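In what follows, a structure is listed as structure tokens, so that the remarks can point back to it.
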């Protein structure tokens, strides 16, 4: 029985299948459903967990090479939240939300959170 780290078996499985340059989406509660992308729904109630909570949890064992976020995130959220994301993500590429969503079909999985921070979705590339 796992006693530390990621306890969710589906999330553990997804992370262990990620190889070099594979991408994983960590999305807020309002992100669209993508039928062709494996989805793990971790949402419970508003902000439990958030995208940032999931990033913090997986960063101990998942090597993030690059990350993409929507430019709109910076416009709709306080700078302190961006600072928290920046401490975890080594290299964030910002692009319009519509362009970010074009990357989703290539992802090997999508993790849905209950995050309410607008445009807090992130696409992670495994290093």
Practice item. Please give, to one decimal in nm, the separation of the simple spin-label points placed at residue 56 and residue 20, each 7 Å out from Cα toward the Cβ. Key: 3.3 nm
Practice item. Find the relative contact order for the chain and round it to a whole percent, using C-alpha pairs within less than 8 Å whose residues are 6+ positions apart. Key: 49 percent
Check your understanding: So for region 20-126, Kirkwood radius off the Cα pairs, Stokes-Einstein at 37 °C and 0.692 mPa s: how many µm² s⁻¹?
Key -> 242 µm²/s
Study note, to complete from the structure: the chain: antiparallel bridges as % of DSSP beta bridges, rounded to 5, reads 50 percent
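Using a Förster distance of 30 angstrom, determine the FRET efficiency expected from the C-beta separation of residue 45 and residue 74, and round it to 0.05.
On the way: r = 27 Å, r/R0 = 0.89.
It comes to 0.65.
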Revision key, fill the gap. Label model pair residue 34, residue 97: point-to-point distance (7 angstrom along the Cα→beta-carbon line) in nm is 1.6 nm
Point to revise | Percent of C-alpha pairs per 5 Å bin, region 77-127, short to long | key: 4, 14, 28, 30, 19, 5, 0
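What number, rounded to the nearest 500 deg cm²/dmol, is the helix-based mean residue ellipticity at 222 nm of the chain, given -39500 (n - 2.57) per DSSP H run of at least four residues and division by all its residues?
Values: 5 runs with 39 residues, N = 127.
Counting only the DSSP helices, I get -8000 deg cm²/dmol.
No value in this document is a laboratory result; all are computed from the given coordinates. All values reported here derive from a predicted model rather than from experimental measurement. Note: ideal-geometry Cβ built from the backbone for every residue, glycine included; neighbour counts use all protein chains shown.
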